[in-house]
1. In this structure, is residue A:208 under 26 Å from residue B:223 (Cα atoms), surrounded by fewer than 22 Cβ atoms within 10 Å (Cβ to Cβ) and in contact with a helix residue (DSSP H, G or I) (Cβ under 7 Å, 6 or more places away or on another chain)?
2. What's the total number of residues in segment A:125-154 that are over 18 Å from the mean Cα position of the chain (by Cα) and either buried (at least 24 other Cβ atoms within 10 Å of the Cβ) or within 8 Å of another protein chain (Cβ to nearest Cβ) (or both)?
3. For the structure I just gave you, tell me whether residue A:165 is touching a helix residue (DSSP H, G or I) at 6+ places or on another chain (Cβ under 9 Å), exposed (fewer than 15 other Cβ atoms within 10 Å of the Cβ) and either at negative phi or part of a helix (DSSP H, G or I) (or both).
4. If I filter segment A:98-114 for residues that are more than 25 Å from the chain's Cα centre (by Cα) and modelled with pLDDT under 85, do I get at least one hit?
5. Counting only residues that are farther than 17 Å from residue B:116 by Cβ and either surrounded by 19 or more Cβ atoms within 10 Å (Cβ to Cβ) or touching a helix residue (DSSP H, G or I) at 6+ places or on another chain (Cβ under 6 Å) (or both), which one in segment A:15-32 is farthest from the other protein chains (Cβ to nearest Cβ)?
6. Can you say whether residue B:29 is within 30 Å of residue B:218 (Cβ to Cβ), surrounded by 14 or more Cβ atoms within 10 Å (Cβ to Cβ), without any contact (Cβ under 8 Å) to a residue 40 or more places away in the chain and touching a helix residue (DSSP H, G or I) at 6+ places or on another chain (Cβ under 9 Å), as far as the supplied structure shows?
7. As an exercise: evaluate residue B:126 against (1) more than 9 Å from chain A (Cβ to nearest Cβ); (2) assigned to a helix (DSSP H, G or I); (3) modelled with pLDDT under 90 and give the number of the one condition it does not meet.
8. Could you please find all residues in segment A:36-59 being in a helix (DSSP H, G or I) and either in contact with a helix residue (DSSP H, G or I) (Cβ under 8 Å, 6 or more places away or on another chain) or touching a residue at least 60 places away in the same chain (Cβ under 8 Å) (or both)?
């Protein structure tokens, strides 16, 4: 009984503390500026719900466009990196060859380095390849950079598949690509789903790389767009809050729908947050 | 079994080519650029030897940035990790509702630092913000959370910790699956023995989780960027600057790409030890499986 009481009191307090920033932003997004500045009652719902702040954020503050851009950048990035890393992971998990271990270390190391080590050369590269300030520039970078984590993650997962399956297929004379496509891919689909959800959230939330590789408003993702709002809408906290919620809602929904995969992905790889 | 030698390379060709272009080559290139002076636009890049590094060691703002990164490191590894463990211990129970509690605490992990920065912007705002409103209600003075140079870095770390603690908690919750449930329950109720049991039995069993939580927290603390850039740009007067942020400002605001590269190289070298430790650990535990 005592245990139960300790748990519920402590647990509820912590959860309330954790959720309060969400509540504050949500309530801010549905109030008028007058109500915000005069009453200061951040933790209370509004007198009248002003959902029109979302319309203002979506249309006048252009969040709708930014929102679409994030989809255009995120989806090909996730699919591309999943596909390419499954190829690399397949080679690293099943074949014995000289460079195998070194290559694995290169992939693991790359995902942990400070991004600042890549910033200037990647910026120069995209200028010289004529993909600066375009969707492709950011997408290609995301695909390439996320290969580090994804290859490592998928290789580890493939290692858990008994190699006898692989050997048997080899003896049957199946081609290498056929084994990859018909045998290994179906087996790693669950792992790829977990990985895909994690990657989706990470790429959706990216700010730095879009900041460096995109200049035009028409290509900017929500994260950049939200920071942009600080210029014109800096005094309209309610519109800014609505914008923040628009930027956050997709990863939140994805997480709530696929929580198990998300957590599995994060802890199986146990690599980054 | 014999396979033709080129087979694995055929599978690796495209991923490796992309990785080389966008990750490996840039790392080398940044090293080279750190010995140069370049404004990012002009066609000529001037080789100046170690001058950038000499300047860096005499640059007070870089010094402030390094010290702030150390504060981040202590905050992430020294505060977020133990708090994550505590909350994980609390929530690793079979009572009704633990699942919802966990989900709610996970939520900040799904947010980008830009959104987190935006949310905390109102909480920390000096005149109308939530924290100062509460302080005033209690009869206390307002604090310049983002404007007082002595406070601002801690405010940023606090905002980032909201997410970081969720992360370390997730790692520990996974680690606690290896610990028998009775041990955890006993640790909460068993008065005098609880602490001893916690230190001598549970902590050692959680070593793998601790290694991951601590190293990842350190690596993340040393590359913190988004939240600093969004909330303060390193200000006021560089008082909340961190290495990553200072590098970006020098390179892309002041167009000192050579100098910026030198900052990145120092940041990289400071992080390198932790990266190598982590890689050794992960690859070793991989082989033991």
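1. The answer is yes for residue A:208.
2. 1
3. yes
4. Yes, some residue in segment A:98-114 is more than 25 Å from the chain's Cα centre (by Cα) and modelled with pLDDT under 85.
5. A:30
6. So residue B:29 passes the test.
7. (2)
8. Selection gives A:36, A:53, A:54, A:56, A:57, A:58.
The values are calculated or read from the model by the stated rules, or taken from the named source; none is laboratory data. Worth saying up front: this structure is predicted, and the values here are computed from it rather than measured. No Cβ is skipped: glycine too gets one built from the backbone with ideal geometry, and neighbour counts run over all protein chains shown.
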